[in-house]
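Have a look at the structure below before the remarks.
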Amino acid sequence: MNDGAERERLTAFLHAALEALEAGNEADYRRQLDAIAQWRSQPVFERLSRLARELGEALGALPNTDPAMAELPDACARLEHVVKMTEEATHRTLDLVEHSRALVDRLGQAGLDAEATATLGQLRQSLSEVALAQAYQDLTGQVIRRVVEIVGRVQRTLNACGLPPEQFGGKLSGPALKGLDPAAVTQNDADDLLSNLGL
């Protein structure tokens, strides 16, 4: 549409709004202002819709050459598995430390000589250090979970943009973990996303 036609249309909206205001018809006045706002924002929405459509077409035309994208769910599941296995090993280690401490305490009550008592003290100290060293598990678990969360967010964002990960034959090596197949993103999902954005 040319500038002259747009100016005439804007003038008509403004005259109608002014007439409604002078007549005291607030509902019509507001309706005319809403029409002006909608008229002004329509080209922006049209351009955004066109841009989204062109971006979707361009992304659909590009081959996904990075097989790492398809491995994101598998990598996340394996990281979660590492956290779980590490937690289990830590709990087992702490249980054994507590059991060993109880044995050391029982030996300490047996009335041993000074050298054996000193050795029990060193053993007790070593068991305490082993228990403290297990704090790494909590910290590494938090870091790994944070990485999994970030990777998951990136994957969900890419999926929402219409970039579902392609399925490649090569998987990461390691134990088989259930629930690794990603849910497919449909055209309806993409349409719903664009609709929610007002496009």
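The values are calculated or read from the model by the stated rules, or taken from the named source; none is laboratory data. As the structure is a computational prediction, the values presented were derived from the model and not from experiment. A quick note on method: Cβ atoms are made from the backbone with ideal geometry, for glycine too, and the neighbour counts reach across all protein chains shown.
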Inset, instruction - Would you please list the contacts, defined by Cβ atoms under 7 Å and residues six or more apart or on different chains, that run from a residue in segment 1-23 that is of a type in the set (Asp, Glu) to a residue that is surrounded by fewer than 12 Cβ atoms within 10 Å (Cβ to Cβ)? - result: none
Inset, instruction - Confirm whether residue 112 is outside any helix (DSSP H, G or I) and surrounded by 12 or more Cβ atoms within 10 Å (Cβ to Cβ). - result: yes
Inset, instruction - Please work out if residue 150 is touching a residue at least 40 places away in the same chain (Cβ under 8 Å) and not small (Gly, Ala, Ser). - result: no
Legend entry - Selection status of residue 61, in contact with a Lys or Arg (Cβ under 9 Å, 6 or more places away or on another chain) and modelled with pLDDT under 85: no
Inset, instruction - Say whether the condition of being outside any helix (DSSP H, G or I) and either at pLDDT 80 or above or touching a Lys or Arg at 6+ places or on another chain (Cβ under 8 Å) (or both) is met by at least one residue in segment 24-42. - result: yes
